[in-house]
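K.L.:
Pasting in a structure now, in structure tokens, and then I'll have a few things to ask.
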Amino acid sequence: MTTKPAGPTPTRRYPRYPMDIRVSAKVFRADNPVELWGRSIEFGQDGIGVTLTGELQTGEVATLELTLPASTSPLKLRALVRYRDGLRHGFEFLARDEIQREVIRRACEVLAAGR
């Protein structure tokens, strides 16, 4: 089942870059917490596209854990599921602190230089 929003795709605020890294996603549901893993497809300053081993629902908030290029430590980010198309999910990052913003910015610079 596809739950992608209808209509034209909105213009992104920031460019997305192809990126393939391991990502874990955790969603805390009262009846059944979910922990999935997958691979990223694309990455930008405000979000990430990921193919997961299971399905999350549009509107759910997940904790993502990933290690970005130009970084040595895992980064934990809260993210909103903006769309889902089968096992492919689009996440929008939520409330990032300054350190997280800087790590994401540096990773985007590395990815942009590799184009």
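None of the figures in this text is laboratory data; all of them are computed from the coordinates on show. Please read these numbers as outputs of a predicted model, since none were measured by experiment. Positions of Cβ are backbone-derived with ideal geometry, glycine not excepted, and every protein chain shown enters the neighbour counts.
K.L.:
If I model a spin label at D20 and I99 as a point 7 Å from the Cα along the Cα→Cβ vector, what separation in nanometres do I get?
P.N.:
Each label point lies 7 Å from its Cα, and together they span 3.1 nm.
K.L.:
Against the longest principal axis of the chain, how steep is helix 98-113, in degrees 0 to 90 to the nearest 10, with axes from Cα atoms?
P.N.:
70
K.L.:
Something else now. Order these by the 10 Å Cβ neighbour count, fewest first: F28, F93. Present the calculation step by step, with values, prior to reporting the outcome.
P.N.:
Numbers: F28 12, F93 18.
In order of increasing Cβ crowding within 10 Å: F28, F93.
K.L.:
Quick one: D31, D46, D20, fewest Cβ neighbours within 10 Å first, how do they rank?
P.N.:
Numbers: D31 4, D46 16, D20 9.
Lowest count first: D31, D20, D46.
K.L.:
Can I ask one more? Rg to Rh for region 60-115: what is it, with Cα atoms only and Rh by Kirkwood?
P.N.:
Here the Rg-to-Rh quotient is 1.00.
K.L.:
Go ahead and estimate [θ] at 222 nm for the chain from helices alone: -39,500 (n - 2.57) per DSSP H run with n ≥ 4, summed, over the residue count, rounded to 500.
P.N.:
-4500 deg cm²/dmol
K.L.:
Within 10 Å of each residue's Cβ, count the other Cβ atoms and sort E102, E65 from fewest upward.
P.N.:
Going from sparsest to densest Cβ surroundings: E102, E65.
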